[in-house]
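Quick one: the structure is below, questions incoming.
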Amino acid sequence: MADPATTSPALEGFRARTFASLAHSGFRLYLTGQGVSLIGTWLQAAAVRWLVFELSGSETLLGVVETASLVPGVFVGLIAGVLADRIAPKRMIILMECGQMLLAFLLALLVWLGAAQIWQMILILAVGRVCVTFELPSRQIFFYDLVGPATLSNAIALNSGMFNATRVIGPALAGIFLVTVGAAGCFALNGASFLAAIAAIMAIDLDNKARPLHQRAFDPRDIWAGIGHLRSDRRMGWLFLVVASFGVVGMGYDAMIPAFAAKIVGTGVGGYSVLMSSGAIGATVGAILVASRAGRRRKDSTALLGIVIFACSLAAAALLPWWAGGGWHSFRLAGASACLLGAGFGAVLLYASSQMIIQLAVPDVLRGRVMGVWMIMYSSSVPLGALWTGMTAQRIGVAPVMGASAALCLLMAAAATWSGVIKPPRQA
């Protein structure tokens, strides 16, 4: 172990900046409980895909399952935002976590009894997504109450890092537990993991730091208040549009990774796992970098850099047959892994930086409703991206679609910079 007296001041400064929000005991509790729960979530997601394909042998149904796990958030996002501004976030989070826990146990029971059908799994995942959508705006408010504005950016970035780190751990454990305890055991473990998150939230004492809630009677116009704010704040509204556009034109690549692994890289299940883990590792590193820079003002330049790195990485992946096509299998796999690592890194730079800009700019009274709109943007844009990339790749191939996505992302970055939505480094 290094002697603290010999520790580099630069290293100490990096640690202090990167983990500033962990000085708050409540946030440490939250991050620990949520980390355990997310490992269970990714474990279940991997097991669901495997079970659906095992039961049906249909790639189309895999797409339907992915859609069910995201799209329902589009329909309840605005209502979730309104409730987030009116119900104590701690209460809402606990309620929704309990709902997701019960759904995981129900899925485990159905599979254990041998009664599980695909439509039942799709319905359970859809209801689970509704729970997540109601929870997430309240979670953003909870961050603010836990750490305050000074370290809010750092808390958002660290939470993103934890989210992506569990994306590596969860699927890896799925490979073990699917063999040892089966799909039912995986779902039961996910249900049990929610207990850690619920216990952590219940143990947190905000010590009267929570902001006051709205007390006036509900007005249907409140549902549209978040959209109204984005219309009145031109830059904020256009930033939301940039994030949504990025989800459509760029993030569809994630759905093509199985085809990319098989047709471009020429690898099997093992290589596919390596590619998936590479993207998650890149995203985790990106989140840690954003956390270390959270206190700096130039978040626009970080978001812009994220789009450029993502586009260049995706372009390199599209050109893989040209620069690594004749190489050894291990060389192609390493090159493809590096490309997806860069794509994951760049995507998180954009998403985390944009969320910081929005969270710090939105008025407290509208925080929940604006983040409800954020949920709609994310829940709709990524599935749309997966849909168009999948359909287009079926006709012209995976590599050309990846190249087109990279070009569209670069054009989007140029347009956002030219319009002033994202300010270049000298202005940020």
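The values are calculated or read from the model by the stated rules, or taken from the named source; none is laboratory data. Just so it is clear, the model here is predicted, and its values are computed rather than measured. Neighbour counts run over all protein chains shown; Cβ positions are idealised from the backbone, glycine included.
Go through (1) closer than 21 Å to S69 by Cα; (2) in contact (Cβ under 8 Å) with a residue 40 or more places away in the chain and name the single condition L146 misses.
In the conditions (1) closer than 21 Å to S69 by Cα; (2) in contact (Cβ under 8 Å) with a residue 40 or more places away in the chain, L146 misses (1) alone.
Mind listing just one residue for me: the one in region 97-145 that is touching a Ser or Thr at 6+ places or on another chain (Cβ under 8 Å) and farther than 14 Å from V48 by Cβ and, of those, surrounded by the fewest Cβ atoms within 10 Å (Cβ to Cβ)?
Here the residue is E97.
From the set of residues in region 71-115 that are among the charged types (D, E, K, R) and over 22 Å from the mean Cα position of the chain (by Cα), which is nearest to G385 (Cα to Cα)?
By that ranking, first place goes to D85.
Can you confirm whether S58 is closer than 30 Å to G185 by Cβ, of a type in the set (S, T, N, Q) and at pLDDT 85 or above?
Answer is no for this residue.
Further question on the same structure: Counting just the residues of region 294-315 that are among the basic types (K, R) and surrounded by fewer than 20 Cβ atoms within 10 Å (Cβ to Cβ), which one comes out modelled with the highest pLDDT?
Result: R298.
Next question. Looking at (1) outside any helix (DSSP H, G or I); (2) within 13 Å of N190 (Cβ to Cβ), which is the one condition that is false for Q100?
(1)
Which of the following residues is small (G, A, S) and in contact with a Cys (Cβ under 8 Å, 6 or more places away or on another chain): G250, G271, G266, G286?
Selected residue: G250, the only one of G250, G271, G266, G286 that is small (G, A, S) and in contact with a Cys (Cβ under 8 Å, 6 or more places away or on another chain).
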